[in-house]
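Quick notes on the structure that follows.
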Amino acid sequence: NAVRDEIRLHLSHWPAEQIVTFYNHLDVEKVRNELLPRTQAREALKLSDTAWVVGSVGRLHPDKDPKTLIRGFALALERLPEQSLLVMIGTGRLENELKKLIHSLGIENNVLLLGKIPLARQYFKAFDCFVLASDHEPFGMVLLEAMAANLPIISSDCGGAPEVVGDTGLLFKLGNTDELADKIAELANGENKPKSLTQQRLENYFSDESAKHTFFSQILKSDHSELLK
């Protein structure tokens, strides 16, 4: 909606009601069918079946702010279940810097940088929660994939993420490692649970069916209903 409002501001001569938000969407059932069961996903990623796993998928790039994620996890670690892991899938220019940061924090045994993995979303059930720490994320399709896997989500309050997650996940202030650590620990210990159902929000706003409904309802409201013929 922030993008919508910006366009409305710059196109003030255009009827505001004809400039609407049309969310990214996915075939929810297809994504769900691609998901590997938890045990199989963990075996494929070589993860312990007993570990509590924080998952992250994305480029190792400043826009994704992986340093905040690593520092936040490190701060939370003593409050997490034994053998907890941070598993990061993706590659990027920060890889060497992140390895040095992990070493300096003394958490080499608790952080795995798995690099690039094709069709990474099929392994999401290997995670116990999903964290997005980005400081530049207009939407975040990866959030929808995490929602399809029914994962608890923790996200920065930046960009479009809060609008995507709504009250189905937990938000922390961008770059605030202390707040992120608290959210991870609270989630791990069952102290802070999202208020709404993730699957319901996914179906209502971000599924292919909801996209069709939004598209055609907007055409019917406009003067362009002849496009339906």
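When you check F130 against the structure, is it in contact with a Pro (Cβ under 8 Å, 6 or more places away or on another chain), modelled with pLDDT of 95 or more and not polar (S, T, N, Q), yes or no? Criteria met by F130. Regarding A148, is this residue at pLDDT below 95 and of a type in the set (A, V, I, L, M)? Answer is yes for this residue. Going by what's in this entry, would L69 be described as open to solvent by less than 60 Å² (accessible area, probe 1.4 Å), more than 19 Å from K173 (Cα to Cα), of a type in the set (A, V, I, L, M, F, W, C) and modelled with pLDDT of 95 or more? Here the answer is no, as L69 does not meet what is asked. The helices (runs of 4 or more DSSP H) falling completely within region 121-208 that include 3 or more residues that are among the aliphatic types (A, V, I, L, M) and under 12 Å from the mean Cα position of the chain (by Cα) map to 141-148, 161-165. Of the residues making up region 162-195, those that are touching a residue at least 40 places away in the same chain (Cβ under 8 Å), surrounded by 19 or more Cβ atoms within 10 Å (Cβ to Cβ) and more than 17 Å from I70 (Cα to Cα) number 1. Only one entry in T39, T21 is among the polar types (S, T, N, Q), out of contact with any Ser or Thr (no Cβ under 8 Å at 6 or more places or on another chain) and without any contact (Cβ under 8 Å) to a residue 12 or more places away in the chain, namely T39.
The values are calculated or read from the model by the stated rules, or taken from the named source; none is laboratory data. From a predicted model like this one, the values you see are computed outputs, not experimental measurements. With ideal geometry, Cβ positions are generated from the backbone for all residues, glycine too; neighbour counts draw on all protein chains shown. With ligands, DNA and RNA removed, areas are computed over all heavy atoms of the protein, side chains included. Shrake-Rupley method; radii C 1.70, N 1.55, O 1.52, S 1.80 Å.
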